Amino acid sequence: MSPVYPFDEAATARAVIDDDGTLTEWSEGARRLLGHPAEAVVGRPAAGLLAGDPAGPGERAPAVPEGPRRQGTIGLRHLDGRTVTVWLLAHHRPPERGRPGHWTVVTPLTGAAPRAADDPLAQAGLLQSPCAIAVYDDALRLRRMNDAMAAVLGLPEDRVRGLRLPEIAGRAGSEEVERGMLEVLSTGTPQDLRTFTDSGDEERAHAWLARMAPVRDAAGRVRGVCLAAHDITDGHRARQRLQLVNEASARIGTTLDVTRTAQELARMCVPALADFVTVDLLDPEEYGGEPPARITAPVTLRRAAHWSVLAGVPEAVLKPGQTERYPEQSPQADALTAGRPIIASVAAGDMARWLTWNTARDDRVRAFGIHSSMAVPILARGLTLGVAVFTRHRRPDGFTADDRLLAEEITTRAAVSIDNARRYSRERETALALQRSLLPRTLPRTAALEASSRYLPAARAGVGGDWFDVIPLSGTRVAMVVGDVVGHGVQASATMGRLRTAVRTLADIDLAPDELLTHLDDLVVRLSDESGGDGSTGEVGATCLYAVYDPVSRRCTLARAGHPPPVLARPGDRPRLLNLPAGPPLGVGGLPFESAEVELPEGTVIALYTDGLVPDREGDGDAGREVLFSALRADTGSLDAVCDRILRALLPHGGAADDVALLLARTQGLPASQVATWDIPADPALVAPVRKQVVGQLAEWGLSEAAFPAELVVSELVTNAIRYGAHPIRLRLIHDADTLICEVSDTSHTAPHLRRAKTFDEGGRGLLLVAQLTQRWGSRHTPDGKTIWAELPLFEAGGEA
């Protein structure tokens, strides 16, 4: 049944006047007020009703004042000719949708009965208002309050009348409200105050807006304070949830680290949402690296992070990094298998089976008074990553539906960050594994130098294309190389691997440093053309430094392609940069490279590095090199210790913006007593005396057991040089620790080639014999010609090489 319409249209005088001043409507209340019937005034100018200002039918009405509302007292002409003074309120409605604008003018009819002294409506505002209202006197003691305030306080009015607010409420926040009322009493200025406290006997706190206004007497003096309390808990909690979600967006996922992101999720929700939070993630190794879309119990989870309102997180059973297998009926397994949040209460018995199965957690629940838990699955891209469990023991209230929505929102945002971090970590580990596999695991031990190295991937950008290498060459010489491919990631690592292989191949044919860089530049140009053809990877660029050190002459030949110059620390001297021609970066093409030769006394430390160690920015490079100089100046002990000292000095926080490759080498000289040299006449008949001299030298070195193969090798190489080479010819023997090196040099640039002789050939078997008697042999070009070399293994008394 619809309610009875309670309004009497005749109780108000109302008229409608359009924008040109013509009356368009005239109510029954207006007829009662002025006596004019509607048919006598509608369609006529409204100005004709003004007392003392009659307007004829042909006269134009006065201009209507502008603005949305007007009010004031005015005299109107009654039908009987008298003037009726009334207060008018006029509202203007502007034109809309083709309708003209108009004014609605209203006034209450005069002659209403005066309010009776016992009118019940006079007290209804205080007593029956749905808003909690209380009145305090000038001593701030309660005088009156309505039923709504009594319900808020949980006390009847007649029992607390005469008490102050802190005496009535007895809770935190009441003193603050009383101080506000005192200020209103003193200044006469209304105040608003927000506070957070419980109401009545409820344990759950509420948010309140306290509006305080002065109560004045007829003389205008402040005689008390009226307090109106508005429960704004819902709005307050909504703002809190929104603020928490906004903070979660900013504070969760600050890094691409899975553990750090899980810690941020746990800390974000304590104590705003829970007293104790755990984050457990699936172990990717158990599922082949990719989390599954659906989970079945039991499920194994690894503790990634936890946080608590209590110091030390005493509620936790597991430590971060530990795993546990969760059975059915556990909050973790239930949430993961259901794919939605699960709220459980201890009082309701929801976790009884789980706590019976896990006595350690049952002890924690009893010890800390845990009463509610909420398990929220961590889902991203349709994959299950883990579960976050929210627990309450200090807060008395359980989890609500709003708490579940909030936890889902925050966990969903965190899940995206965890998934990104997980995928980034997997890609980084893949790239790092590729990088490690392409870099030398150990550096070769040579007679030329002692070497040590370090590689650090970029802290944020990941692995890149920095590399280093130590390559043994013929004649006890050794090559050192450091390079840097532009970019980061798997593509840069793969390019680095190709360049490192190319350098080793070019070094194996004993090219000079400048020639090697020229060939390497051609390779980078071709790689750039290939990779840029489809637009997927762009151009390839790199820098490189290549050096060859000879321990016999103690000289080092170096060339660089856009790479930072090395640092030399000679014994007893201050470390300094080696002045080398810069050369263009690899991949530019068409520009020459230049070599430089420098003498390195035994014990000299040479430092080769990439620009990630010492960035070549204005001011930074000089300061970084000074730190590098200081670390090298204090060179004591092993090169490993020096490498660590350099990294600690230049990268104190353990990370760098770019990759870092560092190679340190301490030069060693080969004593003159281990090298024997002969000038060979161009006469085949003198080969026999040469063999005899070689046998004598080997006997002097105590290598008589190697005399026979050495005779054969020397005889073959010297004979070939006399027959096919050019004078002068030189024979050199080098006694390394476990190798005897035979070198024959001449001024011809024609190099021999190994071939298999046919059955009836009279020649072609010499080099084949040399190859079978030696462990390695080859040729290298020199500025004056070529050198043919062969290495014979030396056997110890036990017969092992």
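Throughout, read-outs are computed from the coordinates displayed, never taken from laboratory work. Here the structure is a predicted model, which is why all the values come from computation and not from measurement. Backbone-built Cβ (ideal geometry, glycine too); neighbour counts: all protein chains shown.
Checking every one of the trypsin sites (Lys or Arg not before Pro) in region 543-620 against DSSP loop status and a limit of 12 other Cβ atoms within 10 Å picks out R617.
Applying 1/(1 + (r/R0)^6) with R0 = 30 Å to the Cβ-Cβ distance of A311 and E429, what FRET efficiency is obtained, to the nearest 0.05? Efficiency for this residue pair is about 0.30. With neighbours defined as other Cβ atoms within 10 Å of a residue's Cβ, the residues H206, H78 order from fewest to most as H78, H206. Dividing the summed -39500 (n - 2.57) terms of all DSSP H runs of n ≥ 4 by the residue count of the chain sets its mean residue ellipticity at 222 nm at -9500 deg cm²/dmol.
Centroid-to-centroid, using Cα positions, region 425-444 and region 327-380 are 42 Å apart. In a simple Cβ point-charge model (Lys, Arg +1; Asp, Glu -1; nothing else charged), the chain has a dipole of about 1480 debye relative to its Cα centre. Spin-label model, L769/E530: points 7 Å from Cα along the beta carbon direction are separated by 4.3 nm. Take the chain and mark each of the chymotrypsin sites (Phe, Trp or Tyr not before Pro) that is in a DSSP loop with at most 15 other Cβ atoms within 10 Å; the longest unmarked stretch, sites excluded, is 8-759.
Sequentially through region 327-334, phi angles give Karplus couplings (6.51, -1.76, 1.60; θ = phi - 60°) of x, 4, 6, 8, x, 5, 5, 4 Hz, Gly and Pro residues having no value and appearing as x. Karplus-based coupling profile of region 257-265, in residue order and whole Hz: 10, 4, 5, 5, 5, 5, 5, 5, 4, with θ = phi - 60° in 6.51 cos²θ - 1.76 cosθ + 1.60 and x standing for Gly or Pro. Counting only Cβ charges, +1 for Lys and Arg and -1 for Asp and Glu, the dipole size of region 130-231 around its Cα centre is about 400 debye.
Each label was represented as a point 7 Å from its Cα along the Cα-to-Cβ direction; for A139 and Q693 these points are 12.9 nm apart. Dipole orientation for region 658-745: of the candidates A721, L686, I734, L686 has the Cα lying most toward the positive pole (charges on Cβ; Lys, Arg +1; Asp, Glu -1). Each residue in R99, R364 was given a count of other beta-carbon atoms within 10 angstrom of its own, and listing them fewest first yields R99, R364. For V215, nonlocal amide neighbours, meaning residues 5 or more places apart or on other chains whose placed amide H falls under 5 Å from its own, are R223, G224, V225, C226.
By other beta-carbon atoms within 10 Å, ranking D334, D640 with the fewest at the front produces D640, D334. Couplings 3J(HN,Hα) of region 271-278, computed from phi: x, 4, 10, 8, 8, 8, 10, 10 Hz, in residue order, whole Hz [Karplus 6.51 cos²θ - 1.76 cosθ + 1.60, θ = phi - 60°; x for Gly and Pro].
Across the chain, Cα pairs under 8 Å and at least six residues apart give a relative contact order of 6 percent. Against the longest alpha carbon principal axis of the chain, how many degrees, from 0 to 90 and to the nearest 10, is the axis of helix 490-508 turned? That helix lies at roughly 10 degrees to the long axis. Given R0 = 56 Å, the distance between the Cβ atoms of V222 and H653 translates into a calculated FRET efficiency of 0.30.
P(r) for region 130-231, from all Cα pairs and a bin width of 5 Å, is 3, 14, 25, 28, 19, 8, 3, 1, 0 %, short bins first.
Here region 672-793 is treated with +1 on each Lys and Arg Cβ and -1 on each Asp and Glu Cβ, and its dipole about the Cα centre works out to around 400 debye.
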